[in-house]
Amino acid sequence: MLTAVLITIAAMAILVISLWIWGERGRYLASTTAFFSEAGINLKSLHGYVYGRWTRAYVHMLFGSMPGKPNEKPAAAARKLAETYHAKVLTHDNARQVVLLNKDIPLTDLEQVVPYPVARNIVLKGPPDIVAFECPCRHARPSHCTPTQVCMIVGKPMTDFVLEHQPGRARRLTQEQALDLLEAEHARGHLHSAWFKDAMMDRFYAICNCCKCCCGGIAGMKRGFAMMTSSGYVASIERALCAGCGDCVEACPFEALHRNGNGVELDWGKCMGCGVCEAVCKTGGITLARDERKGVPMDVRSLV
């Protein structure tokens, strides 16, 4: 509790200092005003401002608060912080459909799609405004995957906020460029995930393209933080087509596949339905199958 209070006090102090600097330099006023106009001025929005303004430092702090070993109990303050920061795993097709959106979709309280106590809202305007942003998770690692500008901020005012507050780390994408980014990351064996944060106006604000080497959400899942929820699908293995090569075992971000003799078996409970295994399977022996026990997919075509 004390740690959380200290973090809040520090965040507010940083905000006050930053506002004083802006008063001297007159920078970034438009996007900051738009952010607070929509989010209001409260502890949650101040938290969101700090996160959006100093994303790398924020994520680095979050990494440092995680336990050092799998199954090691996380600190209470770290768990409380993680409870405000969640992702919905997306299939490649579902991620593409967000980029291809051609109509507004204002939705709230999507408990089946995003089963968290906070951050359940989706507010999308089609076609969506999209900005490519340097991945803070990759930059937080001493040795990281490349390329690094693979996070996709979706929707105003956060797109404008990131472009103005972190120049050089972000660029606006056309629809075609956004689709190309998704395709390239999919080809690298990285999963797509839609991120929600209660400090970001309780709504969806980004699509991340996550590698198992660097992603804080995947690392958190392995260490007891329930930060990601299933796509609504599960991997289905056609044993007659399985070559037993083990490529899928190596690629799976959640360690849901393991060798069994000359074939591969699935740990249903660990599978998040990301489709990485399907993408790397050369024989077509793995496909994604809809599984109602895994929740409802975030498919914007059906969210009306």
(message) If I model a spin label as a point 7 Å beyond the Cα along the Cα-Cβ vector, how far apart are those points for Arg259 and Arg171 in nm?
(response) 4.2 nm
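Set the Förster distance to 30 Å, then compute FRET efficiency between Ile105 and Glu250 from the Cβ-Cβ distance, nearest 0.05.
Details: r = 37 Å, r/R0 = 1.22.
Between Ile105 and Glu250 the formula returns 0.25.
Mind checking the dipole of region 233-294: about its Cα centre, +1 per Lys or Arg Cβ, -1 per Asp or Glu Cβ, Debye to the nearest 20?
Working: 7 positive and 9 negative charges, 18 e Å.
Using only the charged Cβ atoms, the result is roughly 80 debye.
Relative to the present Cα-Cα distance, how much length would full extension add between Ala243 and Ala187 at 0.36 nm per residue of separation?
18.1 nm
Structure shown: which of Lys156/Lys282; Lys44/Lys156; Lys103/Lys222; Lys125/Lys222 lie over 28 Å apart, alpha-carbon to alpha-carbon? Walk me through the intermediate numbers first.
Working: Lys156/Lys282 40 Å; Lys44/Lys156 18 Å; Lys103/Lys222 37 Å; Lys125/Lys222 34 Å.
Pairs exceeding 28 Å: Lys156/Lys282; Lys103/Lys222; Lys125/Lys222.
Give the order of Ser37, Ser231, Ser236, Ser143 when sorted by the count of other beta carbons within 10 angstrom, beginning with the fewest.
Ranking Ser37, Ser231, Ser236, Ser143 by Cβ neighbours within 10 Å, fewest first, gives Ser143, Ser37, Ser236, Ser231.
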(request) At 0.36 nm per residue, minus the direct Cα-Cα distance, what do Ala30 and Asp299 gain on full extension? Give it in nm, one decimal, please. (result) 93.6 nm
(message) Whole-Hz ³J(HN,Hα) for each residue in region 233-241, computed from phi via Karplus 6.51 cos²θ - 1.76 cosθ + 1.60 with θ = phi - 60°, x for glycine and proline: what do you get?
(response) 10, 9, 5, 10, 9, 8, 4, 5, 9
(request) Rounded, prolate or oblate: pick one for region 226-304, where a ≥ b ≥ c are the square roots of the eigenvalues of its C-alpha gyration tensor, a/c under 1.5 means rounded, and failing that, prolate if a/b is larger than b/c, else oblate. (result) prolate
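Which of Asp104, Asp129 comes first, and how do the rest follow, when ranked by fewest Cβ neighbours within 10 Å? Numbers along the way, then the final one.
On the way: Asp104 10, Asp129 15.
Neighbour counts put them in this order, fewest first: Asp104, Asp129.
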(request) Neighbouring Cβ atoms within 10 Å as the yardstick, rank Leu241, Leu101 fewest first. (result) Leu241, Leu101
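With a ≥ b ≥ c the root eigenvalues of the C-alpha gyration tensor of region 73-222, is it rounded (a/c under 1.5), prolate (a/b larger than b/c) or oblate? Let's see the in-between values first.
Numbers: a/c = 1.43, a/b = 1.07, b/c = 1.33.
The shape class here is rounded.
FYI, it's all coordinate maths here, none of it is from the lab. Computed from a prediction, not measured in an experiment: that's the story for all the values here. Backbone-built Cβ (ideal geometry, glycine too); neighbour counts: all protein chains shown.
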